[in-house]
Each structure stands twice: as C-alpha cells, then as structure tokens.
Amino acid sequence: MTIIALDAMGGDHAPRAEVEGAILAARELGVRILLVGIEDVVRQELDRHRHRGLPIEVVNATEVITMTDSPSQAFRRKKESSLHVAARLVRDGKADALVTAGNTGAAMTVARFVLGTLPSVDRPALAAAFPNMKEKVSVILDVGANVDSKAAQIEQYAVMGEIYYRAIWGVKRPRVALLSIGEEEMKGNEVTREAFNRLKHLPLNFTGNVEGRDVFRGNVDVIVCDGFIGNIALKISEGVVEHLGGMLKKAIKSSLASQLGYALSRRAFGEFRKRTDYSEYGGAPLLGVRGITVIGHGRSNPNAVKNAIRVAAELCRARVNETIEQELSAAAAVPARG
C-alpha cells in the first residue's frame, strides 16, 4: 500500500480540508495516510468523522509554517514543523510521497534540501495542469520553482514533464513544445533559442515553439519554459478563469427571459466550473526531488486534497523518479549539439 505523508497544517482551511481529504483518499484510493500536524488539533478534527478501520495515522509535529513565513526562515527555524516532519518521513523511507497545500516557497525549499534532488537533475521544476479546448489537459513547467533557468535546465524540464504526462494521463508519446514569442525556431531570447536546439535533439515528440495564445488550444501536451514566465502564465490563467466565471454568472442572472433558459444556462455554467476547477487536478508535482512531492493550492478543499494524494500515489506507482533518472542520464550521454 502506498504511504502518503500529508501536511495536515498547511492549507488555508487546515486541518479540516486535509483531514476530510485524507478520509476520502483512504476510502477511494487504496492508500495509507500519515496525517502530520499538531496531534491534539488533528485528532480532534479526525474524531468529527467516521474513520474507524481506515488506514489513517496521526504523526505529531510541534510547529506550523504559515503562509507569511519566508521560505528560508521556515526552513532554518521551524525544523519541527508539520512540513519538515512529513518530508523526513519520506526521506527516511517511512512514507512514499509528501503532499502539502501549505506555503509553496517553503514546501519547495524543504523538499529540495531535506529530500535532495535526483543525481541527474540540476533544479527541480513545478508542473501545473491546465484544461484545454480539446477537453483534455496540458501541462506547463516550470511554473515557479526557479526564477531564472538555463537552456540545459529547460531541457530537463521537458524530459521530466513528458514522463509525468505519460504516467498520469497514459499518453505514450506526449507532444512537447517550448513557450516562446513566435513559432519559428529563431524566435525568442538567447536561452529560448539554445533550449530549442537542445530539445530538437532529444528522443521526444518535440513539436517546436508555441506562443502564449496556444496554451489552452490543446495542440500540445507539455509546454516548457523558465519558472519566471511559467509562474506569470499560471497566475494570469487563474485570474482569467475567475474573471470569466464571474462574467458568465452575472450574464446568466441578468439576461435570461425564461426559467427554462435559466436552467439550461445554469447547467452550462456548471460544466464550465467543473472543467476549470483546480480541485479536480489536485496539485502540482515538484519534479526532480528524490521523494515524490505534490504541492496543492493554498485554498485546497477536501476534493483538492484527495486529488493531490491521488496524483502522488500515481507517480509513486509509475516509479516516475526512476524513469526520470534513467532518461536524463541517457540524454546527458547524447553528444554535444551543434
């Protein structure tokens, strides 16, 4: 049984959302959950639910990393936080994966330095799933683990993102693209042009450059870029979805002439909300660290927590880290590109 160390104190709604999400995951996914947090607080919340017989255990931690803590201070000064304790469980082989909806910067720092990176990985990358117009999912990475990235690191993101897509969505040859300011090979800055040259020599289904307008079209599966650009793309996308949702809701309430039309529009709006609901995608894996790590949205509800656990379990079962190490080692053995 896959064992997930869940930071029970991390999200905006902790520990309620984490406990409820853990119960859902234990019932539906066949995983064992280690709920890591202030023991009395976590047990009090757990006792509000029917959980007898479920593979859930509480592991005590004496500190909590807040959303306002700086990543460096959280890493150095709160060694007994729920996030640290959960990471050590993975490092020591007592859990297979770490899931948290807490402070993203702290989660990345703790994962990187407590768990360490895979031998062939220069820098880990955060991968985010986006719904696209083809009613499927596209993945963008890096979306914020690294502010500045070199071409060789973007090359690694492509390999890791392609493996992630294969593992979670079952596509044998995902289409990989590079985010740039134009489709032509010579477009972009120096890093992007060098990255293009590296990517076209990899044994990937590399389709070339895509522009920002292509992110949601669904013509590619994996889109790679540096973390600065990726994080901006992520935040703009979240804002656009919220804005469109608000506009649709307002239009439905204000312009419908009949009750039937209202009902039909409400149904269509419900489908839109479901397609763009972040909780359905769970969280973003931090690819390239030694232990599987999934970082959820700070606003994660129980469904989002459950799905973050699902993603972590699927990555464990697919042995994603072993595949990343094998394929990056193979890529490093390719002769220098001209």
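A few notes on this one:
- Option label - Cα extents along the principal axes in Å computed here, alternatives (i) 84, 66, 44; (ii) 62, 61, 35; (iii) 56, 45, 40: (ii)
- Rough spin-label spacing in nm, given labels placed 7 Å along Cα→Cβ, for Arg52 and Glu39: 2.3 nm
- Across the cross-link table entries Lys134/Lys172; Lys78/Lys306; Lys78/Lys150; Lys94/Lys306, which are compared at the Cα atoms, the separations over 22 Å belong to Lys78/Lys306; Lys78/Lys150.
- The chain: antiparallel DSSP beta bridges as a percent of all, rounded to 5: 30 percent
- Gyration tensor (alpha-carbon) shape descriptor, the stretch 1-121, a/c threshold 1.5: oblate
- Rough spin-label spacing in nm, given labels placed 7 Å along Cα→Cβ, for Val147 and Phe228: 0.9 nm
- Most mobile of Arg175, Arg52, Arg290 in a GNM of the chain (Cα contacts under 10 Å): Arg52
- Full extension of the segment from Glu185 to Glu80, taken as 0.36 nm per residue of separation minus the current Cα-Cα distance, would add 32.9 nm.
- Backbone N under 12 Å from the Ser329 label point (7 Å along Cα→Cβ), restricted to the stretch 106-137: 119-121
- Global geometry of the stretch 135-205, whether rounded, prolate or oblate, following the gyration tensor of its Cα atoms and the 1.5 cut on a/c: prolate
- Between Ile232, Ile324, Ile309, the residue with the greatest mean-square fluctuation in the GNM of the chain (Cα pairs under 10 Å linked by springs) is Ile232.
- Highest-MSF residue in the chain out of Glu20, Glu327, Glu57 [GNM, Cα springs under 10 Å]: Glu57
- Model label points for Met1 and Lys136, set 7 angstrom from Cα along the Cα-to-Cβ axis, are 3.6 nm apart.
- Amide H within-cut-off set for Asn209, under 5 Å, with H built and near neighbours excluded: Leu178
No value in this document is a laboratory result; all are computed from the given coordinates. Predicted model, so just to flag it, every value in this text is computed and none were measured. No Cβ is skipped: glycine too gets one built from the backbone with ideal geometry, and neighbour counts run over all protein chains shown.
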